[in-house]
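Data first, discussion second: the structure below is written as structure tokens.
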Amino acid sequence: MSNNNYILRVTVDENLCVGAGLCVLSSSDVFDQRDEDGVVKLLQEYPDQASYEKVLGAARKCPSKAIKVEQVNGDAP
Amino acid sequence: MSACPFSKASFPMPRQCPFLPPQEYQQFQQQPGAAQVRMWDGSSAWLFTRYDDVRAVLGDNRFSGNPSIPGFPSLSAARNAVLDLEPAFIRMDPPDHGRHRRMLTKEFMIKRVGAMRPRIESIFNRLLDEMLHKGPPANLVEDLFLPLTSEVIAGLLDVPNKDHGFFQEQSRLKVLLDVDPSIPKAASERILNYLDALVTERAKAPEGKEDLISRLIIEQVRPGHLSHRELVIMAELLLMAGHETTANQMALGVHSFLSNQDQLALLRNDPSLLRNAVEEMLRYHTIVHYNAFRVALEDVEVAGQLIRKGEGVIALIAGANHDPEAFEQPQKFDITRKADHHVAFSYGIHQCLGQPLARVELQVVFATLFERIPTLRFAVPQEQIEGKGDHFVQGLETLPVTW
């Protein structure tokens, strides 16, 4: 996950989220939960490379598939 | 499974070792597709035991968790009696499921549950003090784990301390599978009646109260989003799931450490293994061991097996968590393995809502117990300690220890 040739972009679907909280346990610098209903709140659309492994793990573990991680070319805006 | 191609294995099947899933799961995992199993009532269901297949089923909303839909597999007559009484949101499909679940999600947010940790530690240390003061031997289930988990969840709901014994006993009766259906049914009715009265009383003046039931009355019942009866059933689910399951997991976790002293030494030498150790005990025991039952709402193909609309499916989380493709040497209790992708809390939209709370409670127990009682050991020969076997939730009836 440490190569510099690509960057990852994270998106979340608030409608799909069931508030299990696994993403926050995986990487609390990228994901949080809304105070009013516990639904996922994305803190970093373009996380640091150091977080890639954890972010990918969060997406794999998300029980309702509310987290998408895509590889994008070029630099983060 | 059987040599005769016209016979089907029965489900559930007995465990050979009380602390490991039935060996048949391993044989099923080596065969492609799904196995067909026969249920107690003569009906058939498709059984999935591989990690990827179990996740595929549980992550697909074309499979319903609603037991009132024809074709939903039946575990036993006793279990049916409980399911009929309690149409909790965990047995609803979208969109009703999400609407109900979301009324509760903020209560179990990571940060909210994290803030409960000091209180959980203080309860556990107080219970430990009492146990140490009484002196050995002790029964950890009765003296520590049920009181801890009961006090935590009852605190959230503001259920009076004096009633903990009552709901512990009814919960124990409710999960019996192989008994006259009137037993779990009556237990379920008693808890529901108790909570019905509690909700009615609470509804008279919920303002300014800190408990979850009062909040739900103000935020959901009064505006008409949730009925009184739905709240009663929701409270019952939280109370039950909040203490019985977690207490069982604690007892089994202690059992695993005491019977794998090398793993206990690892944890002692490196407390940073604690979180991983908790994930491993969740994986290893998968206490809700018959989960999860589903029925197909339309024709769906999984692992090359066509499941027809109306057919029952069992996506066995206990199989998935012991699939060698997902966990190397799955029968070994190994707190250093990467285990946090387990499905002990299930997978899909019905994955356990209270899992952050269960994790914190387990972390508190296993951070504290062996540190405060370094000489903790079984008080009876190990082989006398028996699993709960065919209960809906696997656990230990008693855990006699000394120090």
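General observations
- For B:LYS185, a cut-off of 17 angstrom between C-alpha atoms picks up these lysines, skipping any fewer than 8 places away in its own chain: B:LYS174.
- For the stretch B:135-229, diffusion coefficient by Stokes-Einstein and Kirkwood Rh (Cα), 4 °C, 1.567 mPa s, µm²/s: 86 µm²/s
- Between B:LEU274 and B:THR398, the simple label model (points 7 Å from Cα in the Cβ direction) yields a spacing of 3.1 nm.
- Volume per residue of the convex hull around the Cα atoms, evaluated for the stretch B:9-402, comes out as 132 Å³.
- Per-residue ellipticity at 222 nm from helix content only, as computed over the protein assembly as shown with -39500 (n - 2.57) for each DSSP H run of at least four residues, stands at -11500 deg cm²/dmol.
- Violating pairs (Cα-Cα greater than 21 angstrom) within the set A:LYS41/A:LYS65; A:LYS41/B:LYS111; A:LYS54/B:LYS111; A:LYS54/B:LYS106; A:LYS65/B:LYS106: A:LYS54/B:LYS106
- For A:LYS68, the aspartates and glutamates whose Cα comes closer than 20 Å to its Cα, not counting residues fewer than 8 places off in the same chain, are A:ASP13, A:GLU14, A:ASP29, A:ASP32, A:GLU45, A:ASP48, A:GLU53, B:ASP52, B:ASP60, B:ASP340.
- Paramagnetic label zone (point 7 Å from Cα along Cα-to-C-beta, B:GLU298; backbone N under 12 Å) in the stretch B:41-67: B:61-63
- Cα gyration tensor shape of the protein assembly as shown, rounded if a/c is under 1.5, else prolate or oblate by comparing a/b with b/c: rounded
- With a cut-off of 14 Å between beta carbons, the residues surrounding B:SER68 carry a summed charge of -1, where Lys and Arg count +1 and Asp and Glu -1.
- Rounded to the nearest 10 degrees, the angle from helix A:52-61 to the longest Cα principal axis of chain A is 40 degrees.
- For the options B:GLN29, B:GLN329, B:GLN168, a Gaussian network treatment of chain B with springs between C-alpha atoms closer than 10 Å singles out B:GLN329 as fluctuating the most.
- Sequence-distant lysines (8 or more away, or on other chains) whose Cα lies within less than 21 Å of B:LYS332: B:LYS388
- Förster-model FRET efficiency, 30 Å R0, B:GLN23 and B:GLN261, C-beta, rounded to 0.05: 0.70
- Remark: the B:HIS228-B:GLN16 segment gains 71.9 nm on full extension, using 0.36 nm per residue and subtracting the alpha carbon distance.
- Debye intensity ratio in log₁₀ form over the Cα atoms of chain A, taken at each q of 0.11, 0.12, 0.21 Å⁻¹: -0.25, -0.30, -0.85
- Expressed as a whole percent, the accessible area of chain B that falls on carbon and sulfur atoms is 52 (1.4 Å probe).
- Using 0.36 nm per residue and subtracting the Cα-Cα separation, the extra length available between B:PHE166 and B:ASP41 on full extension is 41.8 nm.
The values are calculated or read from the model by the stated rules, or taken from the named source; none is laboratory data. Nothing here was measured: the structure is a model prediction, and the numbers come from that model. FYI the Cβ positions are ideal-geometry reconstructions off the backbone, even for glycines, and counts take in every protein chain you see. Each accessible area value is taken on the protein alone, full model and side chains, heavy atoms only, with ligands, DNA and RNA left out. Shrake-Rupley method; radii C 1.70, N 1.55, O 1.52, S 1.80 Å.
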